[in-house]
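Any read-out appearing in this document is the output of simple, stated calculations on the displayed coordinates, not a laboratory observation. Since the structure is predicted, the reported quantities are computational estimates derived from the model, not experimental observations. Here the Cβ positions follow ideal geometry from the backbone for every residue, glycine too, while neighbour counts run over all protein chains shown.
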Amino acid sequence: MTAPSPALVQALRPRIIERRARLQAATGSISADYVNDLLSEIDAALQRIDDGSYGVCETCHDSIEVDRLRVDPLTRFCLDHMSAAQLRAHEQDLELATRIQARLLPPGEVTLKHWAAHYRYQAAGAVGGDYCELIPSPDGESLFFAVGDVSGKGVAASLLMTHLSAILRSLLPLEMRLTDLIAHANRQFCESTAAEHYATLVCGRTTTNGVEICNAGHCRPLLLRRNATERIDPTGLPLGLFCGAGYSAREFRLDDGDSLALYSDGITEAQDAEGNEYEEERLTCSLRLHADRDSRTMADGVLQDVAHFRNRAPQNDDITLLIVRRR
C-alpha cells in the first residue's frame with residue numbers, strides 16, 4: 001500500500017491546524033467534553049506529523065489509504081482495522097456515493113432527429129472517477145456530449161467527477177462557444193481543487209453537418225467513416241493544470257452512418273493476465289467490425305471483446321465508452 005508523500009503530509013498539516021482554530025472558535029456553543037476530545041484528536045494528528053508516524057495504521061503499522069487521508073486527515077486506521085461502527089459508516093458512505101453517482105450519469109441512450117448516442121459506464125469499484133455526459137439542446141436539434149477521467153481512484157475520484165459534472169452543467173445553459181465553455185470549466189476546476197488534481201476531458205456538440213470537438217488531454221476519439229478511421233488528437237491541456245490554459249476546437253463532417261467513439265483509458269489500458277494492454281488499435285478493429293450496426297451493438301461488441309481479452313485478469317480501472325452516430 002502506498003504511503004502518503006511528504007508533500008501530501010505537509011499539505012494536510014494546514015488543514016488540520018485550520019480545523020483546530022475553527023473548533024476553538026466554536027467552544028462556546030458545543031459541549032466542552034466533546035470539544036476536548038476533538039482537540040485531542042487534532043493534536044495527536046499534528047504530533048504524528050512531527051514524529052514521522054502520520055499516515056500509518058495504529059494497529060498493523062501499514063500505510064493508511066491516501067484517498068481516505070485526503071477526505072479525513074485525522075484518520076488513524078487503515079480499512080482493514082476500522083472499528084465495526086467506523087466500517088458501517090464507511091459502507092453507508094459508499095452506498096450513498098454509488099447512488100449519487102448513478103443519478104448524475106445521463107440516460108443510457110439519447111435519440112434526436114439526426115443523431116443517436118449510447119454509452120456504457122463500468123466503474124472498477126463501488127464508485128468511479130470517469131465522467132460521461134449526454135445533454136440535448138432545449139430545441140432538440142443538437143447534442144452536447146463528453147467523456148472525462150479525473151485523477152485518482154475510488155471515493156476521492158468520484159467526488160472530483162461530481163464536481164466536474166456540476167461545473168459543466170452550470171455553464172451549459174449559458175450557450176457559450178465550446179472553447180469558452182472548456183476554458184471557464186478549467187478555470188473553475190483549477191481554483192476549486194488541490195494542485196495535484198486534474199481531469200482529462202473530450203467534449204463536443206453536434207452541428208448541422210457533423211460535430212465540433214475539443215480534446216483537453218484525453219484519449220483520442222475515433223471517427224469511423226465508411227472506408228476510413230480518423231483519430232482526433234488533443235487540442236489542449238487537461239483541466240486543472242493551469243488556470244489560464246487556452247483551448248481550440250475542430251469541426252468534422254459526419255455522413256449518414258458515420259460514428260464517433262469516445263472512451264476512457266480503462267479500455268485501451270486494460271490488461272490480460274500476462275500484462276499485455278488492449279490498446280487503441282484493437283479498439284479500432286472492434287469498432288469497425290460492428291461499424292454498420294447501431295450504437296448499442298457497437299458498444300456491446302467492444303465491451304465483450306475487452307472482457308474476452310482480459311479473460312480472468314481483474315478490471316483495474318473505470319471503463320467508459322460513448323458512441324455518437326449520425327442517423
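Given their separation in residues at 0.36 nm each and the Cα-Cα distance between them, Arg169 and Cys60 gain 34.9 nm when the chain is fully extended.
Using just its DSSP H runs of length 4 or more, each adding -39500 (n - 2.57), the chain gives a mean residue ellipticity at 222 nm of -13000 deg cm²/dmol after division by all residues.
Restricting the trypsin sites (Lys or Arg not before Pro) of segment 201-245 to loop positions (DSSP other than H, G, I, E, B) with no more than 14 neighbouring Cβ atoms within 10 Å leaves Arg226.
Across segment 29-69, the residues whose backbone nitrogen lies under 11 Å from the label position 7 Å along the beta-carbon direction of Ala3 are 52-57, 62-64.
Taking square-rooted eigenvalues a ≥ b ≥ c of the alpha carbon gyration tensor, is segment 195-327 rounded, prolate or oblate, where a/c under 1.5 means rounded and, failing that, a/b exceeding b/c means prolate? Oblate shape, in that a/c is at least 1.5 and b/c is the bigger or equal ratio. Computed extension length for Glu279-Gln24: 86.4 nm, one decimal, from 0.36 nm per residue of separation with the Cα-Cα distance subtracted. Paramagnetic label reach from Asp272 (point 7 Å along Cα→Cβ; backbone nitrogen cut-off under 16 Å): within segment 291-322, residues 304-315. Build a GNM of the chain with springs between Cα atoms under 10 Å apart, and of Val211, Val150, Val35 the one that fluctuates most is Val35. What angle do you read, to the nearest 10 degrees and between 0 and 90, between the alpha-carbon axis of helix 279-289 and the longest principal axis of the chain? Result, in degrees: 40.
Springs join every pair of Cα atoms under 10 Å in this Gaussian network model of the chain, and among Leu178, Leu287, Leu112 the largest mean-square fluctuation is at Leu112. The H on the amide N of Trp115, modeled in the peptide plane, is under 5 Å from the matching H of Arg327, each at least 5 residues off or on a different chain.
Shape class for segment 103-326: oblate, because the ratio a/c of the largest to smallest gyration tensor axis (alpha-carbon atoms, square roots of eigenvalues) is 1.5 or more and b/c is at least a/b. For a modelled paramagnetic label at Glu196, 7 Å from Cα along Cα-to-Cβ, the residues of segment 32-76 in reach, with backbone nitrogen under 11 Å, are 66-71. When the chain is treated as a GNM with alpha-carbon contacts under 10 Å, the residue of Phe242, Phe189, Phe145 showing the greatest mean-square fluctuation is Phe242.
Mind ordering 158-169, 63-74 by average Cβ neighbours within 10 Å, highest first? Let's see the in-between values first.
Details: 158-169: 20.5, 63-74: 18.0.
In descending order of packing, they fall as 158-169, 63-74.
Here Asn316 and Gln86 are evaluated by their C-beta separation; at R0 = 35 Å the FRET efficiency comes out at 0.85.
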